[in-house]
Amino acid sequence: MPDTFKEEHMLSTTLRKPLAIAVTVVALGALAGCSSSGDAGSTDAAGGTYTWWDPYPQHEEGSDWAKRVQACGTDAGVTIERTAYDTTSLTNQALLAAQEGTSPDVILLDNPAVSTLADTGMLTTTEELGLDTSKVDSNLLAAGELDGKDYGVPVGANTLALYYNADILSAAGVDPASITSWAALTDALSKVTAAGKKGITFAGINTEEGSFQFLPWFWGAGADLSKLDSPEAVSALTLWTDWVNKGYAPQSVIGNSQNTSWEEFITGDFAFAENGTWQVNSAAEQPFKTGVIELPAVDSGVAPAPTGGEFITAPVQKDTARYDVTKEIVDCMTTPEGFVETANTFAYYIPPTSDGQDQLLEQHPDLDTWVSAVKAAKGRTSDNLGTNYPLISEQLWTAVQSSLSGASSPKDALAAAQKAAASATEGK
Amino acid sequence: MTISAAPAVRPAPDPKPSAPRPRRAKGGGTGGSRWVAVAFAAPLLAYLLAFYAYPLIRSIDLSIHDYNVRAFVQGNAEFVGLKNYIDVISSPLFGQAAWNTVVFVFGSLIFQYVLGLALAVFFRGNFRLSGILRALFLVPWLLPLIVSGSAWAWMLNSDNGIVNSFLHAFGIGQINWLTSPDTSMLAVIIANIWLGIPFNLVILYSGLQNISGDLYEAAALDGAGPWRQFWSITFPLLRPVSAITLLLGLVYTLKVVDIIWIMTSGGPANSTTTLAIWSYREAFGTGQPDLSPAAAVGNILIVIALIFGFIYLRMQRRQEQS
């Protein structure tokens, strides 16, 4: 025992210094290794692997959608490495990647995010990539436009319409076809509530979803996002506020997301629900009979609803030789057949070209309300609002919240919103 | 850099009791052992720098530049000095958010502490099933916040919530807990109190274990009732534990985002927007990440927490002196 102790002891004194240095080097090396490995991974990707990000985590590996993405890669002779994020974190991830210079080759972006990201210079224009966008409906393409340039192609579009519970309406003696103005809708709501049912549910949450749901009424009144306190805007907010005050809409609309609002509707107690194309399948599965009409404008006709849906975009790469294959992949997703296939895979996408829409209607004639709603729809970032839209939208949903919760009158809420929006967008 | 001194010194006295004496005698005090000390501290130092110093510096860096989305990607943010701080403080929302923070933090803290203390004293009795009951009180701590937040939001739902239907049974009309600016703050405070009780209970209960039973026995012999015992023995002897419980609670509550975000997302009409919620919303809650003002608000919160930390240290020092 004593011998070994001595040996150990000697070893320790002679090795002490070198060991210390070694430990330090290893520790620092480990740290350095962590920070550089990210970069190394992405430059390796050049060898026939293309990266693809989309906001559809619900479609896992092996799903129809994943297979379809892979097929487009195979056609272009490469492998696609697909990563799915949820919508909000996708935008943040895209920004981080652009900052680090490690952007993926293709990103499917929620349309209001396109102009924000394009403004950073991280996206290529459709012109640079040589994409043909002439067939795409201009109202849909507009959402991806910034300063006269297009930064992506919509892979499909969805929008909002008014679902109704046919059983409740017929019991209350309301004909859905008669609802072509706000007055007719409010009248229907009063009949339904008089019959002991609940009127309408929508999403007034203080996020982008709240603005998204309010815009059809805002635009339907003839209001403009560059002037939030116009009398038309006040009339739209008064409509919503009155519904809540009269009990035609539940208090919960103030905090409802579109999902919670839909859950209220499928309890079967509500006559109407403002919701999107993505609920078509769910509506068909309900034990009660449902139908859908377009959202009415103030006096007559159809209100433009905001367009939803993703754009396929190609972030700027250091290695511009990659663009050729990227273009092939994008082309594969945006042929008329490609659009219809996307629509069918998701069950809630309307193709953004008339060829695609015609083909879809042949297969699913019942989607005609949605096709015409998409044609009437309007991009949130259009009217050349671009990167100002998120700033204005934040003030809009704040005003909706203030008014619905009774914190201020519709007029005061919108006046405050206009003031805040003007100072936020000033100098941009 | 004051951090580096402490870990470098610490390893030296440590080996004293355990290490074999001859080794100590030979190597003691030479430059070699200092190198070893530094080497052993190096991983810790690297860790502190990477995970504590860097984020803090980055957060300050974000707050004194104008990082809009474009500047974030291109890395050419303009230096604006204290402009972000001035903008934040002069914003109409600042006063409201600061007041909301005060109401939320102190409203939560007082009730969490009082209820936690009452329960701790109650469980000190060690009656039958007290162990199980005490464990049940920990449930709020064990549940994921997204679950408890959503559950509270459902219970407080205006139209279908269980709380309103319960109140209805007593003839009280509908209260719009989460959708009226008058009651939304009360609603999130109630949920947060419920969340914070286990933490207070556990720490105060363990503090009570350190108070010797002899004291109570002696007090009882002198004829002190339970109430007198509490005010003359329990409460004064628990003071150091109470102070740290309240300080930790304060720091936790200052930075609470999740429960409010899940229940009201700061609404309606900003009535539940605290400074932490404001910071989170600027950075991640809208389509347009405004990192610079978000960092400015976050840094203000850090400073507030630091101030209370110093107050605590001062109080502790005074207590030690006396």
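Ranked by Cβ crowding within 10 angstrom, fewest neighbours first, how are A:ASP355, A:ASP324 ordered? Could you put the intermediate results ahead of the total?
Working: A:ASP355 14, A:ASP324 11.
Ordered by Cβ neighbours within 10 Å, fewest first: A:ASP324, A:ASP355.
Which values of log₁₀ I(q)/I(0), to two decimal places, follow from the Debye formula for the range B:85-321 at q = 0.09, 0.10, 0.15 Å⁻¹ with a uniform point scatterer at every Cα?
-0.48, -0.59, -1.10
Mind telling me which of B:PRO140, B:PRO92, B:PRO289 comes out most flexible in a GNM of chain B, alpha-carbon contacts under 10 Å?
B:PRO92
Under a 10 Å cutoff between Cα atoms, tell me which one of A:ASN165, A:ASN92, A:ASN388 has the largest fluctuation in the Gaussian network model of chain A.
Fluctuation is largest for A:ASN92.
In deg cm²/dmol, rounded to 500, what helix-only [θ] at 222 nm does chain B give when every DSSP H run of at least 4 residues adds -39500 (n - 2.57) and the total is split over its residues?
-21500 deg cm²/dmol
Need one number: convex hull volume per residue for the range A:370-412, Cα atoms only, in Å³.
With only Cα atoms used, the range A:370-412 gives 107 Å³ per residue.
Let me know the shape class of the range A:77-217, please: from the alpha-carbon gyration tensor, a ≥ b ≥ c as square roots of the eigenvalues, rounded when a/c is under 1.5, otherwise prolate if a/b is greater than b/c, or oblate.
prolate
Which three numbers, in whole Å and largest first, are the semi-axes of the equivalent ellipsoid of the range A:188-243 derived from its Cα gyration tensor as √(5λ)?
On the way: eigenvalues 116, 38, 12 Å².
Its equivalent ellipsoid spans semi-axes of 24, 14, 8 Å.
Counting other beta carbons within 10 Å of each residue's own, what order do A:GLU128, A:GLU209 fall into, fewest first?
Exposure proxy ranking, most exposed first: A:GLU128, A:GLU209.
Where a ≥ b ≥ c are the square roots of the eigenvalues of the C-alpha gyration tensor, would you call the range B:274-322 rounded, which needs a/c under 1.5, or, failing that, prolate if a/b is larger than b/c, or oblate?
prolate
Enter the mean projected area of the convex hull around the alpha-carbon atoms of the range B:79-199, in nm², rounded to one decimal.
The orientation-averaged projected area of the Cα hull of the range B:79-199 comes to 11.3 nm².
Span-like helices, chain A: DSSP H, alpha-carbon axial extent 27 Å or more, mean Kyte-Doolittle -0.5 or greater, which ones?
On the way: long enough: A:2-44 (56 Å, 0.20).
Both cut-offs are met by A:2-44.
Could you check which residue among A:THR186, A:THR159, A:THR307 shows the biggest mean-square fluctuation in a GNM of chain A with a 10 Å Cα cutoff?
A:THR186
Do any of A:LYS149/A:LYS318; A:LYS149/A:LYS327; A:LYS135/A:LYS419; A:LYS411/B:LYS255; A:LYS191/A:LYS289 go past 28 Å between their Cα atoms, and which?
Distance filter (> 28 Å) returns A:LYS135/A:LYS419; A:LYS411/B:LYS255.
Which helices count as membrane-span-like in chain B under these terms: full DSSP H, at least 18 Å along the axis by C-alpha, Kyte-Doolittle mean of 1.0 or more? Don't skip to the end; give the middle numbers.
Working: long enough: B:31-48 (24 Å, 1.21); B:92-124 (48 Å, 1.42); B:184-209 (38 Å, 1.60); B:239-254 (22 Å, 1.48); B:291-321 (45 Å, 0.82).
Going by DSSP H runs, the hits are B:31-48, B:92-124, B:184-209, B:239-254.
Provide, as a two-decimal number, the C-alpha radius of gyration of the range A:161-311 over 2.2 N^0.38 Å, N being how many residues it has.
Its radius of gyration relative to the 2.2 N^0.38 Å reference: 0.97.
Please list, short to long, the whole-number percent of alpha-carbon pairs of the protein assembly as shown in consecutive 20 angstrom bins beginning at zero.
Bins of 20 Å from zero give 14, 39, 32, 13, 2, 0 percent of pairs.
Could you work out the equivalent-ellipsoid semi-axes for chain A, taking the square root of 5 times each eigenvalue of the Cα gyration tensor, largest first, in whole Å?
Values: eigenvalues 463, 149, 102 Å².
Working through the eigenvalues yields semi-axes of 48, 27, 23 Å.
Which ordering of B:ARG58, A:ARG322 is given by a fewest-first count of other beta-carbon atoms within 10 Å?
Going from sparsest to densest Cβ surroundings: B:ARG58, A:ARG322.
Could you give the distance between the Cα centres of the range A:351-396 and the range A:79-155, to the whole Å?
Comparing the Cα centres of the range A:351-396 and the range A:79-155, I get a distance of 17 Å.
Of all DSSP beta bridges located in the protein assembly as shown, what percent are antiparallel, nearest 5?
On the way: 25 of 37 bridges.
Here the share of antiparallel DSSP bridges comes out near 70 percent.
Roughly speaking, what is the centre-to-centre gap between the range B:49-88 and the range B:244-287 when only Cα atoms are used, to the nearest Å?
Taking the Cα centre of each part, the range B:49-88 and the range B:244-287 sit 21 Å apart.
Values quoted throughout were computed directly from the atomic coordinates according to the rules given, and no laboratory measurement underlies them. Bear in mind that the values here come from a model prediction, so they are computed numbers and not experimental data. Heads up, the Cβs are rebuilt from the backbone with ideal geometry, glycines too, and the neighbour counts pull from every protein chain shown.
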